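First the structure, in the form of structure tokens, and then the observations on it.
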Amino acid sequence: MGPTSVISFQHLPKIELHVHLDTSLSLENVQGLIPGISSDDYYRDYVAPKHCRDLADFLRFPISAIALLQSRENLEMALLQLVREMSFDGVIYTEIRFAPLLHIDQGLTSDEVVSTLCTASKKAEMESGVVTRILLCTLRHFEVEQSMETVRLALKFREQGVVGLDLAADEGYSLNAHIPAFRMAAENNFPCTAHAGEARGPASVSETLEFLGPRRIGHGVRSIEDPELVRMLAQHRIHLEVCPSSNLQTGVFSKMTQHSIDALYRAGVSLSVNTDGRGLTQTTLSREYALIAQAFGWTMEDFLLTNRMALQASFLPSAMKEVVRERLEKGYHSPH
Ligand SMILES: [Zn+2]
């Protein structure tokens, strides 16, 4: 793929719902946090190999970034730089996610972590014009108490920019420890998403929907293996946050032309295109669009439709959705 194909998508307004702060540190971002770090060290510690054995193997790589993101200053700088890069990539609305309990190793409280990133997201929005909201992740291997602590934080900071709860990490762990947290979110009418159907097959999507009741699924791409599930997703407008290159890296699909995004889209499933980890995967949304256009012949019309679906499925209140919608539509209809 030539650089021109990426550039041709750069100016298009985009919605990004699935992007992790800790796996999205670019070389420039890390150099801001560790002045003088060599690019060799960056590529060794902050970028995952092109082909990992599986999801669990891939998840070994965020460790350096997590170690770096343990102070207010670093958290703020990392988020500001990420949003700057997203703005350059044409993103107009994003929900950036992180697990607050991973950032308390050097003395910050979990409340301080979330309040720092809420303030940083407001600052980023003012600076870059990208409407920026936050999702808090609990992790599959966490205990009940850690999941409950995460939802408590999400509800506490819901007026400060936290718009949803997510369940992330290795799908090999059971959902049981997270049912009470997702129930608490539901009781408070607080939106949720959850990673599923990536490392494990369609059954993981079905059980996540049944036991956690999220409005969206992170990935969910292996739903394609069960036609009945695909029909159910389409019928109930369960939105899939699809991250194509990330799935190639974790070995879910061996090449882009085999990715299920096109088949799911044609089957009427609501879905969006996302990066997942911009640093770990060394990608941008413009690059993901170019790869999909190349593999499946998607046109501007298809990208407008998936962005509309993303906005519809976003956790923004409806008045704010209208503001973003106007910017989105204008970007696709103005001559370029
Ligand atoms: Zn993810």
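The values are calculated or read from the model by the stated rules, or taken from the named source; none is laboratory data. Keep in mind that this is a model prediction, so the values were computed, not measured. Note: ideal-geometry Cβ built from the backbone for every residue, glycine included; neighbour counts use all protein chains shown. Ligands, DNA and RNA are stripped out before the accessible areas are found, and what is left, the full protein with its side chains, is counted by its heavy atoms. Shrake-Rupley method; radii C 1.70, N 1.55, O 1.52, S 1.80 Å.
Over the chain, accessible surface divided per residue gives 40 Å², non-protein components excluded, 1.4 Å probe. Label sites at ALA67 and VAL323, each approximated as a point 7 angstrom past Cα along Cα to Cβ, lie 4.0 nm apart.
Other residues within the sphere of radius under 14 Å centred on the Cβ of GLY297, judged by their own Cβ, net out at -2 (K and R +1, D and E -1).
The aspartates and glutamates whose alpha-carbon is closer than 14 Å to the alpha-carbon of LYS122, local same-chain residues fewer than 8 away aside, are GLU76, GLU95, GLU159.
The stretch 237-295 and the stretch 57-110 have Cα centres lying 22 Å from one another. A straight Cα-to-Cα reach below 17 Å connects LYS156 with the aspartates and glutamates ASP111, GLU112, GLU145, ASP166, GLU187, residues fewer than 8 places away in its own chain not being considered. Surface composition of the chain: carbon and sulfur make up 54 percent of the accessible area, probe 1.4 Å.
In the chain, helical runs assigned H by DSSP with n ≥ 4 each contribute -39500 (n - 2.57); averaged across all residues and rounded to the nearest 500, the mean residue ellipticity at 222 nm is -14500 deg cm²/dmol. Ignoring lysines fewer than eight residues from LYS255 along the same chain, the ones with Cα atoms less than 28 angstrom from its Cα are LYS14, LYS50.
In the stretch 108-152, what GluC sites (Glu not before Pro) fall in a loop by DSSP, with at most 15 other Cβ atoms inside 10 Å? Counting only loop positions with at most 15 other Cβ atoms within 10 Å, the GluC sites (Glu not before Pro) in the stretch 108-152 are GLU143. Subtracting the Cα-Cα distance of MET232 and ALA267 from 0.36 nm times their residue separation leaves 11.5 nm of extension gain.
Once the C-beta distance of ALA186 and SER8 is scaled by a Förster radius of 56 Å, the resulting FRET efficiency is 0.85 to the nearest 0.05. Based on C-alpha pairs under 8 angstrom that are at least 6 apart in sequence, the chain has a relative contact order of 21 percent.
Of interest is the spacing of the C-alpha centroids, which for the stretch 117-170 and the stretch 1-53 amounts to 21 Å.
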